[in-house]
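Everything below concerns the one structure shown next.
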Amino acid sequence: MGRVFLTKLALKNLLRHRNRTLITAIIIAFAIFYYIFLDSLIDGMTQLSYQTLIDYETGHLQVVTASYWEEEQELPLDNLIGLDEQILTAIRAVPGYLGSSPELAFRAMLSNGVNELPVVGKGIIPDHFGQVFAFAGQYVDGTIFQLGQYQAVLGQRLADLMQLEVGDYITLLVRDRNKTFNTIDVEVAGLVHTSNPNVNSNYVYLPLDLVQQALNTDGQVSKIIVKLANAKAAKRVAGELAGVLQTSDPRLQVYAWDDLEAVTVARAKQAANGLILVIILIIAAIAIINTVILAALERMGEIGMMKALGMQTKEVVYTFVLESVGIGIIGGLIGMLLGAVGIWALNLSGLDYGAWFDLDMASYGIPIIGKIYGAWNPHSFVLVFGFGVLVSLLASILPAYWAADKDPVKAIYHR
Amino acid sequence: MALLELKGVTKIYQQGKIEVPALRGIDLTVEQGEFTTIFGPSGSGKTTLLNMIGCLDKPTSGTIIFAGQELGRLTKKGLAQLRRCNIGFIFQSYNLIPVLTAYENVEFAIRLVGGRSKREMHEKVMQILADVGLAGLENRKPGELSGGQKQRVAIARALVKEPKLVLADEPTANLDSKTSEEVLEVMLKMNQELGTTFIFSTHDPRVMTYARRRLEVRDGLITQDTRGDGASVSH
Amino acid sequence: MKKYLLVVIGLAVSMASGLSVFALTAEEIIAKVDANQYITSARAEAEMVITNAGRKITKTMVSITDGENGLTEFTNPRDRGTKFLKRGDELWMFFPEAEDIVKISGHMLSQAMMGSDFSYQDLMESDKLTELYTFTLIGEDEVNGRPCYVLEGIAVEGKEVSYYRRKIWIDQERFVGLKEELYAQSGRLLKVLTVTRVEEIAGRWFPVASVMENKLRKNTQTEFLITALEFDPEIPPGTFTLERLR
């Protein structure tokens, strides 16, 4: 029996039952749209969170000693790096180098004279810092300090919590290398507000020389953060740089931003996306199976006649499967169209997650504040479309066989 | 050689735990070119008999030989093949494919058989449609045709592939008397011109008058077998 | 805990007329005070009153120590069942609701204990003061009418100590610390400890009530009162184990 003929027959059947075809297609379309939209949203969120990390905390590469990295939670003052010319030269020589910022991080109690709050302090060199991080436009008030000045920069959130303004004085209670208490008294020089909640609420930035002196760690830093022109190259560059640095100091290691725990956790969340896919497509499968059975029941007489005339079971199955694939394709196309419209709308104005739910997204481990935009993932479109058509095909096979295998006699007299 | 030979054919249906004997031992020979009716009360087994003859069903016991082939030996696929090439069906409920036009419904049947060029098939379809009096209505869909016209399409479909045998189950049941007459005339014409064997199952006395052989079936057995010339055959 | 178990080993200093008080060197004075800290074991019941911006919270506890290790259990209704175990250099805390044991280490040690003005680190320091600081006798003063030696201790280079500089007022007769000022390396005064009452128990002079002020926070202080004290109690074996902590 000509494939062409059967195909034409299938098409005509689809057109005949326009409503049923359309409804089933729309169910599938929604499932596909949902996947595309969610995928885009999650991707948008992830990219935003990566960017927030890169632009404000981790840069693209971090040069540390391996032992420091393991203990980083504690912010110890051991296993620090000395700012050797050799190390700095090697760092500046990496491909795509845009800037590097040495940093000495420490724990401190921030006191405004009345209250105390635990914070993380960072000793930085202002112009280096500016090369690597995106703080420039984020000052709500005041400016950055210079080396040697007794000044600090902190987040607006933190300042509000401690009722501080530019010009106020604060004391940081710290412990030096020998665990001995020391205090650093500085004036608030600038307040920032960024999309990174850690920066806004937990960090206090100070001149590096001041910090080194207070902690008795002269000439040393916890890490050197590097910015590259190409984020994707980070892992590769990290490996190469580590090799070079280890010839002068074997303790050194270089970590790319995508090696970080926060990033790998975010990737795991994307795997959960796949689970949603499974659920959604179960729905599509049920819709298809339902449609095929309904169609078969309606066309029992025809099926019986066709078999009486000598048509084989597999040829009957072919028509049904083809119809289902057709519905899958139609649904897929509509779904992709809806998905594209949805993402376009999302990108117009962005989704202000925090405003909607009045949530601090940081408490979910996602460092984002502000608007989320949708990401365009052509491969997601193709993937879910193909998946939809495949499921339509597979889901229709069994019910088609059920319909086609009926005894022609019974089928003809089926009422 | 006879077209059809049934020997000791029985058919028992399982309805849950109950066994229902539909045919209880049929012996029958049908020659090529016959115009025969099978009549009897409903439930007598005549539909079952027709299905047997039409290779749609296999007997519980006994043999059926159609065109020299023993049906019991054939697979489902084999039976389908046999039907496809040799038997045309006309049912009470027409069973036309609603999405196809009259032309396409008839074409369907001849396409299934294959083995002919496109042009040949086209000619045959147009011819048979003209023969059944549907010239000009080829592009209408079943929804646009009257009962009689639909039945004519069914007949055309049954005949287009020039089968050896045409089985018709109550073909006039849904038709008014005038249309019934017309339809029967067509079938008779086919029988006389092409030598196609026709076996009807019917209540309709009009059909009976056209038939040259009449078989009565009661309780799963053939109880009467009379020919147009009045001669009876015992079973 | 240790600091508050200063014991005067009935050293009666005979105030022979004419004998100048400067006959004792800083080292000797501190040695006597240090010696007092080395008790073998004790059991105490105590009360801690935390005052913060006018609000007072009272916590009560029971402690056992054997000199090296200590087990403290809180007995006031709010914190009942919370326990601390000090073993050598390690500090563990048990939360009754979570049935969870947490080790307090690293930066957590600088946190305040139970909201008071004492940090965990303060409680952990058990090495002899003489080993950690170099003391100089800088003069004499009076605290609550009691004549005191005033000693200044500077942290020994390379030792891990919390307070770079300590100024201690020691009762000249009883060799018990009556006041202590704790300084950061920058010179900033961080904490002040004042002993408000001492008692003689089993031949030893004891600070029974003291007050700790955190100078970086206004309007806060913590009072520490010992309500019962027993030396060399019966300590069942396995008292200072993690299992016993649950």
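Odds and ends about this structure:
- Length-normalised contact order for the stretch A:69-149 - Cα pairs under 8 Å, 6+ apart - percent: 24 percent
- All-pairs Cα distance distribution in the stretch A:173-313, expressed in whole percent, bin size 10 Å: 8, 17, 20, 17, 8, 8, 8, 7, 5, 2
- Efficiency of FRET between B:Gln32 and A:Leu337 - r from beta-carbon atoms, R0 51 angstrom, step 0.05: 0.25
- In the stretch A:109-182, the C-alpha radius of gyration followed by the widest Cα-Cα span (Dmax) gives 13.4, 38 angstrom.
- Check: the stretch B:105-195 dipole with +1 on Lys, Arg Cβ and -1 on Asp, Glu Cβ, in debye: 460 debye
- Computed about the Cα centre, the dipole magnitude for the protein assembly as shown is approximately 5920 debye when only Lys and Arg (+1) and Asp and Glu (-1) carry charge, each at its Cβ.
- Options A:Leu15, A:Thr194, A:Leu83, ranked by Cα towards positive dipole end of chain A, top entry (Cβ charges): A:Leu15
- Over the stretch A:80-250, Cα pairs under 8 Å with separation of 6+ residues give a relative contact order of 33 percent.
- Filter on C:Lys56/C:Lys83; B:Lys164/B:Lys189; C:Lys59/C:Lys83; B:Lys141/B:Lys189 - keep pairs with C-alpha separation over 18 Å: C:Lys56/C:Lys83; B:Lys141/B:Lys189
- Angle of helix A:234-248 to the longest C-alpha principal axis of chain A, folded into 0 to 90 degrees and rounded to 10: 40°.
- Percentage, to the nearest whole number, of Cα pairs in chain A over 30 Å apart: 57 percent
- Computed on chain C, with alpha-carbon pairs under 8 angstrom and 6+ residues apart, the relative contact order is 22 percent.
- Under the Karplus curve 6.51 cos²θ - 1.76 cosθ + 1.60, θ = phi - 60°, whole-Hz ³J(HN,Hα) for the stretch C:171-186, x wherever Gly or Pro sits: 4, 5, 8, 9, 6, 10, x, 10, 7, 9, 10, 10, 10, 7, 5, 6
- The aspartates and glutamates within cross-link reach of A:Lys12, meaning a Cα-to-Cα straight distance under 19 Å and a gap of 8 or more places when in the same chain, are A:Glu298, A:Glu302, A:Glu315, A:Glu323, B:Glu104, B:Glu107, B:Glu138, B:Glu144.
- Placing pseudo-labels 7 Å out from each Cα toward the beta carbon at A:Glu298 and B:Gln224 gives an inter-label distance of 4.5 nm.
- The stretch B:83-115-the stretch A:84-150 distance, computed between alpha-carbon centres (Å): 84 Å
- Selection of trypsin sites (Lys or Arg not before Pro), the stretch C:74-106, meeting DSSP coil and at most 15 other Cβ within 10 Å: C:Arg80
- Rounded tilt (10° steps) of B:102-113 against the dominant C-alpha axis of chain B: 60 degrees
- Reference-scaled alpha-carbon Rg (2.2 N^0.38 Å with N residues) for the protein assembly as shown: 1.69
- For the segment A:177-188, counting C-beta atoms of other chains within 10 Å of every residue's C-beta and taking the mean gives 6.
- Histogram of C-alpha separations across chain B, 10 Å bin width, %: 8, 32, 36, 20, 4, 0
- Cα-based helix-to-principal-axis angle, B:76-86 vs chain B, degrees rounded to 10: 60 degrees
- Pairs of alpha carbons in the stretch A:80-250 whose separation is greater than 21 Å (percent): 50 percent
- Here chain A is treated with +1 on each Lys and Arg Cβ and -1 on each Asp and Glu Cβ, and its dipole about the Cα centre works out to around 3120 debye.
- Extent along principal axes [Cα atoms of chain C; Å; largest to smallest]: 63, 42, 38
- Calculated FRET efficiency for the pair A:Arg16/A:Lys232, C-beta based, R₀ 56 Å, to 0.05: 0.60
- Exercise: per-residue mean of other protein chain Cβ atoms within 10 Å, B:94-106: 4
- For C:100-108, mean number of other protein chain Cβ atoms within 10 Å: 2
- Using the Cβ-Cβ distance between A:Asn290 and A:Lys314 with R0 set to 22 Å, the FRET efficiency from 1/(1 + (r/R0)^6) comes to roughly 0.45.
Every read-out reported here was derived from the displayed coordinates using simple, explicitly stated rules and does not represent laboratory data. Nothing here was measured: the structure is a model prediction, and the numbers come from that model. Heads up, the Cβs are rebuilt from the backbone with ideal geometry, glycines too, and the neighbour counts pull from every protein chain shown.
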